[in-house]
1. Give the residues of segment 221-241 that are of a type outside the set (A, V, I, L, M) and either outside the structural domain of residue 278 (by TED's automatic domain parsing) or in a loop (DSSP other than H, G, I, E, B) (or both), sorted by residue number.
2. Restricting attention to segment 312-336, report how many residues are under 18 Å from residue 291 (Cβ atoms) and surrounded by fewer than 18 Cβ atoms within 10 Å (Cβ to Cβ).
3. Could you list, in sequence order, the residues of segment 338-374 that are closer than 20 Å to residue 318 by Cβ and of a type in the set (Gly, Ala, Ser)?
4. When you check residue 436 against the structure, is it at pLDDT below 50, part of a loop (DSSP other than H, G, I, E, B) and not polar (S, T, N, Q), yes or no?
5. Of all residues in segment 356-398 being more than 39 Å from the chain's Cα centre (by Cα) and of a type in the set (Asp, Glu), which is surrounded by the fewest Cβ atoms within 10 Å (Cβ to Cβ)?
6. Could you pull out the residue among 413, 395 that is at pLDDT below 85, closer than 27 Å to residue 320 by Cβ and not assigned by TED's automatic domain parsing to the domain that holds residue 303?
7. Would you pick out the residues in segment 340-392 that are basic (Lys, Arg) and either assigned by TED's automatic domain parsing to the domain that holds residue 298 or in contact with a Phe, Trp or Tyr (Cβ under 9 Å, 6 or more places away or on another chain) (or both)?
8. Pull out all pairs, ordered by first then second residue, where Cβ-Cβ is under 9 Å, the residues are six or more apart or on different chains, the first lies in segment 364-380 and is without any contact (Cβ under 8 Å) to a residue 40 or more places away in the chain, and the second is in a strand (DSSP E or B) and among the acidic types (Asp, Glu).
Amino acid sequence: MTVNLKKPITKLMGNFTFSIVVSILLLHSFAFSLNSITTDKHAIKIMENLNLATLSDSMKPINNFALSLNSITTDKHALISFKNSITSDPYAILSINWSQNTSVCNWIGVSCGRKHGRVTALNLSGYGLVGTLAPHLGNLTFLRYFDINSNNFSGFLPFELSKLRRLKVMNVGANSFTGKIPTWLGSLPQLEELYLHKNTFLEIRIRNNSLSGWLPSDMCDNLPNIEALDISANQLSGEIPPNIGKCRHLQQLVLSINHLNGKIPSEIGSLSRLKELYLGFNDFRGKIPEEIGNLSQLEMLRIPTSSLTGNIPSSLFNISSLKYVYLYNNSLSGNIPSNMCDRLPNIEVLNLWANQLSGEIPPNIWKCTHLQDLELSVNHFNGKIPSEIGSLSMLRELYLSMNDFRGIMHMPLFFTLRFLKIRVKSTMGSFSGTKGVVLFYKRVEKVIILQQSRR
C-alpha cells in the first residue's frame, strides 16, 4: 500500500497526525513532499515496514526522521539476515521473539540508543545457537557491544565486520570459528576488549599495535590448535608463560619487539612442530634453555638484543634443519663447536655479532656449503682466520672485525667469492694480508677495512 500526500498545486499545511499512517500496518512507502507540515519526531520511528519516504526541503523537521527510519530498517534487515543464517535455535529465542511485526529494539538481545534509535548492542551469549555469521552484520554501524560468546558459530569472521567502526567490545569466544584471525580487527579504531578464546583459529596476527598487559598463564588451554601466533611490536610485558608448551601445533611463534622479561621457559622445547621462533628485542634474563635443541623442525631462530647470558646451548647445534640463526647483541659466551658444520649442514645465516664469544672459527667451516652470511664481529674470537672460508662459494657477507685474530690471512682462496663483502679490522696483532684483496682480486665486490667502527 502507498500513501501519496504530494499536492503540487494545493499545499497541505499544519500538523500531520502520524498515528493515521502508523495504524496502516501494510504501508510500505509514502510521499508527502512539497507541503508545509510538521509532526512529532518520535512517531515515525515505529513505522519499520516502510522502505521509502520522500520528503521535501520544506519539511526539515521530518528529514532526520526519514534517515532514522532508513537506518533502523537497515539494522532490521541485517538482523533478519543474521537470523536466517542460524541453523539451530534450541531455545527458540530468535524464531519466536524476533518477529518482523515488532520493533527490533524490543527483540531479545538487542539494545538501541536513545539518540538515533539505532542498534548499539547485540548480546546473544549462551543461547546454544548454531550457524555462521552473516556479512550483513557489518551494516550495524552504530554497534558498540557484540557478544555471541558460548554458542556454536562456525566458519570465518566475515570481512564486513570491519565496518563496525564504533565497536568497543567484541566477544566471539567459546564457538567453533576456524581459519586465521583477521588482520582487519586491528583497524577497528574504538575496540577496547576482544575475546577470541576457545575457538579453532589457526593463526593470530595482531602485530604492530599498542597492546599492553601480559600473556595469560593459560593461553594455550584456550588455543589448542593454533599454528601461528604473531603479537610482535606491541607493549606486552611479563614472562612467557610455561603454558606455551601446550600449543603443540605451533609452527611460528613471534613475540619480538615487546617488553617481555624473565627467563625463556624450558617448556618452549615441547613445540616439536615449530619452524620459526622470533623472540628478539625484549628484556629477557638468563640463558637460552637447553631444551631448545628439541625443536627438530626449527629453521629460523631470532633472539637478538634480549640481554641473554651464558653459553649458547650445545643442543642448538644439533638442529640439522636450522637455516637462520640471529643471536646478535646479547652477552652470550663460550665458543662455537669445532664440528658445527657437521651438525648444521643447512645453515645459511649465522649472526653472532656483539657477544662475548671466544675460541677459534672452526676449521671445518667449509662444510657449511650453504652459508651466505657469517657475522662474528665484536667478540673475543682468536687464532687464525681459517683459509677454508674461501671454499664457501655461496658466501656473500663476512664480518670479522673487532676480535683477537692473529696470523696471516691467506687471501688466494677468496678469489672465488665473487660477491663477497668483507669487514675486518686493519690492525689485529700480527694479522696482515688484507691489501691483497683490494689490489689483486677484483672479482670481490666490496672490501671494507675497519679501524674501530661498529655495525
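The values are calculated or read from the model by the stated rules, or taken from the named source; none is laboratory data. These numbers come from a predicted model, not from an experiment. When we count neighbours, we look across all protein chains shown, and the Cβ atoms used for this are built from the backbone with ideal geometry, even at glycine.
1. Correct list: 224, 225, 227, 232, 234, 239, 241.
2. Number of matching residues: 7.
3. 338, 359
4. In short, no.
5. Step by step, filter segment 356-398, then rank; the result is 360.
6. Unique residue meeting the criteria: 413.
7. Those that are basic (Lys, Arg) and either assigned by TED's automatic domain parsing to the domain that holds residue 298 or in contact with a Phe, Trp or Tyr (Cβ under 9 Å, 6 or more places away or on another chain) (or both): 343, 384.
8. Taking only residues 6 or more apart or on different chains, the pairs are 372/397; 373/397; 374/397; 379/404; 380/404.
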